[in-house]
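First up is the structure itself, then whatever we jot down about it.
The values are calculated or read from the model by the stated rules, or taken from the named source; none is laboratory data. Just so you know, these numbers come straight off a predicted model, no measurement behind them. Glycine gets a Cβ as well: all are built from the backbone with ideal geometry, and neighbour counts include every protein chain shown. Protein only, heavy atoms only, side chains kept; ligands, DNA and RNA dropped before computing areas. Shrake-Rupley method; radii C 1.70, N 1.55, O 1.52, S 1.80 Å.
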Amino acid sequence: MRQKLVLLFFFAFITSSILAQQTRVSFKVVNNKSEGLPFATVSVISVPDTVNKIERLTDSTGLAYFSLIVGRPYKVIISVVEFVPVVQAITVKGDNPVYTIVVETNNTSLSNVVVNSRRPIMRQEDDKTIVDPENLAASSTNAYEMMEKIPGLFVDQDGNIYLNSMTPAMVHINGREQKMSTADVATMLKSLPPNSIASIEILRTPSAKYDASGGGGIVNVVLKKGVRIGLTGSVNAGFNQGGVGNRFAGINLNNSNGKVGTYLNLQWSQRNNRELLNSNRAFAIDSLLSQQSKTFYPVNSYFIGYGINWEVNKRWNLNYDGRININHSNNNSTNLSQIKQVSTGNVVESNNVAVDNKGRNRNLSQSISAKFKWDSLGSEWSTDLSFNYAPNNTKQTFNSIFYAPITGANTSRGNIENTLHFFSAQTNLVKKFNRKLTLETGLKSTNVWFKNTTVYNKEAAYEYNENINAAYLQASKGLGSFILKAGTRLENTNMQGVQIAPDDTSFTLKRTDLFPYVYLSRNLFKIAGYDLRAYLVYRRTINRPAYEYLNPAERRVDPYLFETGNPSLRPQFTQNYEANVSFEERPVFAIGVNETKDIFTNVIYQADSSNKVAYRTYDNLGKTKETYFRALGALPPGKRYFFVAGTQYNHNFYQGVYEGKPLSYKRGSWSFFTYQTFRLTPLTNITLNGFVRFNGIQQFYELSTFGALNTSITQQLLKKKLTLTLSATDLFFTNKNDFVLQQGTVDAYGFRQSDTRRFGLNLRYNLGFRKKEENNLFNIDSPEKAN
């Protein structure tokens, strides 16, 4: 498989060399302080043929790349919001030239600025895909809903985000790992207001610069900072209604005057959801356990985000960011359980359990970073320190009513306390040389201190400490029309867990691993004046068990099911090979293979105490080979109608041991997705997005076909300051599924649905003020004035 892929792309590379001599041309757009400007539109028009125009957006450093013909003249047009447009004529000379274009600030009031161009929803930048959240934010109430609408991303009912693999992706905020459970990450994303997000970066195969734990890829949420001139922002409020309702309100302020920029985000939301879960499990020849569970998830959430950016001089930049999340939940569920004789239909045992969970979840995140601009080529040195403190307390009450074989009732109570401390320190150096060579290196150390205390009839206490030290080195080199990036990452892992009560047990893991990375790309040829570029990527990754996977304390779910961790769980290693093609910076096709050893996943086993009792845990099952391909097509943005449509196929082959017996399991799954917009009038926009998945799989659960269709209509009013959005989510109420689990001694099937069909209204009012001298959000004087 790998040899065929390499031969295919090698043939394509050789064939394209017969075309006209081309070279990679870089345009760096900067302001009068030589600072790179992101999201600037660079248009290149061939002279005298002015019909074909190529447009691209600059990346976070102000760079945009084109493949142009040597010796041919071009006209270059630069347009940036709040800056004066620039038109410049060039003739491409030399090998891989770099043109630096300075744009001047437009002093016109922000309220008079009109942006006519539209950015693509997705674009490819080297080894990552960047999603523009502007259209997604208009019809979303939080960042979690935005994730559900991104073409090609799949978010399951438990909050896991999947990219191209059956291993969930890691979620980063501003490039920082969160070290939180899936449920806590989902809660955090639901607290993030959509208009506070600048972009979403998708790294399906991260380079050696990133943590090796990203086996399923990385989704990095980049938050907005004070980057605009003067004071700007927005006020938002809205609601959506399904079987239960959600409502939210917030304000987002950004300010940048002189060398000090500040931002402040405030958001309140009252969320509610309900879930229906019916399951049947045959645990003996003539015995069937049937359960009907209804759960409500009301949450009050408060979010505060704030930060200060200080440009000390032309080279030094200091930044402080802070976030506070507070969530108050009061989940409650009822679970009717009946054990029946299959042959007669008689009810042997029956009870109803009502569970109430009152939770208090807090997350305090603080970070300080510094960046030093080494030279005009783009070399820089950055250092980042961050700290997360996340205490969580849940009080549980179980009320059980027994109907058969005897009647009665009892009440039991439990208390779960989790405390997480997470500290991260990293430093990175990027050195660029004149001969198309870039060298990257860095060090990182992360430390986790986690404590769990669970009290039911008896106390269970557990402590977990983790320290990971890493170093990486990678280099990228332009070799003619090729770009080669290669490197490796060294990670030293130290994990220690101690079960304090009721039994004194512990585990320790110490290991050092190497994780190589190789990336090769080249422009193949042009189609209608647009570049077709190919990529080959290889990466080795690790997936370490999280602390909740290792904690052996039993957590009661109902009288017939409990959860427990597995202290002997080993990390899993994945090798990923992918070949992909992008068209004019838009991903269009990919094919790849994930080979995983010691794969661990969520499993259900029967308990030793009774065959009618099962427990849910994690276990290493062997190895798996996952083959996938992904295709994506789109119309260029800018016209009245724009669409993205695509498909993905995953085939999984497991080989290993389940409950001590050989396991051989194969299953393929198709997914189709789309995102469409239609500009009805200059002020009215209609969007349509959705997905459908056939023969889905979640761990070893086989899922029936399910999907969702979402739509919205957005109207701008009051000179485009007020935006009104009407939205409908899961319009036909199809985001629900039947499931089957048949592995080992477990034979179960059922049905699951959530309150996904919703109709909502969002209002957003954009604020814009004239620039005022020495004015900033927190009234902090600039250093010049202070002196």
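Output yes when any residue across the stretch 651-669 is in a strand (DSSP E or B), polar (S, T, N, Q) and surrounded by fewer than 18 Cβ atoms within 10 Å (Cβ to Cβ), and no when none is.
Within the stretch 651-669, one or more residues are in a strand (DSSP E or B), polar (S, T, N, Q) and surrounded by fewer than 18 Cβ atoms within 10 Å (Cβ to Cβ).
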Tell me which residues, restricted to the stretch 692-723, are more than 30 Å from D747 (Cβ to Cβ) and either assigned to a strand (DSSP E or B) or open to solvent by less than 40 Å² (accessible area, probe 1.4 Å) (or both). L709, N710, T711, S712, I713, T714, Q715, Q716, L717, L722, T723
If you take the residues of the stretch 565-577 that are out of contact with any helix residue (DSSP H, G or I) (no Cβ under 9 Å at 6 or more places or on another chain) and open to solvent by less than 20 Å² (accessible area, probe 1.4 Å), which of them is farthest from T397 (Cα to Cα)? N576
Would you call I339 of a type in the set (A, V, I, L, M) and buried (at least 18 other Cβ atoms within 10 Å of the Cβ)? yes
Taking the condition crowded, with 18+ Cβ neighbours inside 10 Å, closer than 30 Å to N580 by Cα, touching a residue at least 24 places away in the same chain (Cβ under 8 Å) and not basic (K, R), does Q648 pass? yes
Of K149, K190, K128, K179, the only residue that is buried (at least 22 other Cβ atoms within 10 Å of the Cβ), modelled with pLDDT under 85 and more than 30 Å from I713 (Cβ to Cβ) is K179
Over the stretch 223-251, the set of residues modelled with pLDDT under 85 and not small (G, A, S) is L223, K224, K225, V227, R228, I229, L231, T232
Can you tell me which residues in the stretch 484-511 are free of Cβ contacts under 8 Å to residues at least 40 places away in the same chain and under 18 Å from K431 (Cβ atoms)? L484, A486
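Out of the stretch 232-242, which residues are open to solvent by 20 Å² or more (accessible area, probe 1.4 Å) and under 16 Å from R758 (Cβ atoms)? Walk me through it before giving the result.
Step one: of the stretch 232-242, the residues open to solvent by 20 Å² or more (accessible area, probe 1.4 Å) are 235, 237, 239, 241-242.
The answer is F239, Q241, G242.
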Based on this model, can you work out whether A470 counts as at pLDDT below 90 and either under 30 Å from T23 (Cβ atoms) or open to solvent by less than 40 Å² (accessible area, probe 1.4 Å) (or both)? no
Would a scan of the stretch 362-372 turn up a residue that is touching a Lys or Arg at 6+ places or on another chain (Cβ under 7 Å), open to solvent by 40 Å² or more (accessible area, probe 1.4 Å) and over 30 Å from F283 (Cα atoms)? no
Restricting attention to the stretch 578-618, the residues that are farther than 30 Å from I202 by Cα and either open to solvent by 20 Å² or more (accessible area, probe 1.4 Å) or not small (G, A, S) (or both) number exactly 11
Filtered residue count, the stretch 729-769, keeping only those that are buried (at least 19 other Cβ atoms within 10 Å of the Cβ), over 30 Å from L717 (Cα atoms) and among the acidic types (D, E): 1
State whether one or more residues within the stretch 510-531 are at pLDDT below 85, within 29 Å of A183 (Cβ to Cβ) and among the β-branched types (V, I, T). no
Only one of these is of a type in the set (V, I, T), under 33 Å from the mean Cα position of the chain (by Cα) and either open to solvent by less than 70 Å² (accessible area, probe 1.4 Å) or modelled with pLDDT of 80 or more (or both): T58, T91. Name it. T58
Of the numbered conditions (1) open to solvent by less than 20 Å² (accessible area, probe 1.4 Å); (2) in contact (Cβ under 8 Å) with a residue 60 or more places away in the chain, P552 satisfies every one except a single condition; which is it? (1)
Take the conditions among the polar types (S, T, N, Q), open to solvent by less than 20 Å² (accessible area, probe 1.4 Å) and at pLDDT 90 or above and apply them to T441. Does it pass? no
Kindly list, by first and then second residue, each pair from a residue in the stretch 243-265 that is surrounded by fewer than 19 Cβ atoms within 10 Å (Cβ to Cβ) to a residue that is charged (D, E, K, R), limited to pairs with Cβ atoms under 7 Å and residues at least 6 apart or on different chains. G243/R274; G243/D755; V244/R274; V244/D755; G258/E774; K259/E311
Please count how many residues of the stretch 273-297 are under 34 Å from the mean Cα position of the chain (by Cα) and open to solvent by 40 Å² or more (accessible area, probe 1.4 Å). 9
Residues being more than 26 Å from Y654 (Cα to Cα) and charged (D, E, K, R) - total across the stretch 665-709: 1
List the pairs whose first member sits in the stretch 432-453 and is basic (K, R), whose second member is at pLDDT below 95 and not in a strand (DSSP E or B), and whose Cβ atoms are under 6 Å apart, counting only residues at least 6 apart or on separate chains? K432/L377; K432/G378; K432/S379; K436/N96
Within the stretch 413-438, track down each residue that is open to solvent by 40 Å² or more (accessible area, probe 1.4 Å) and of a type in the set (F, W, Y). F423, F433
In the stretch 577-616, how many residues are over 22 Å from the mean Cα position of the chain (by Cα) and assigned to a loop (DSSP other than H, G, I, E, B)? 8
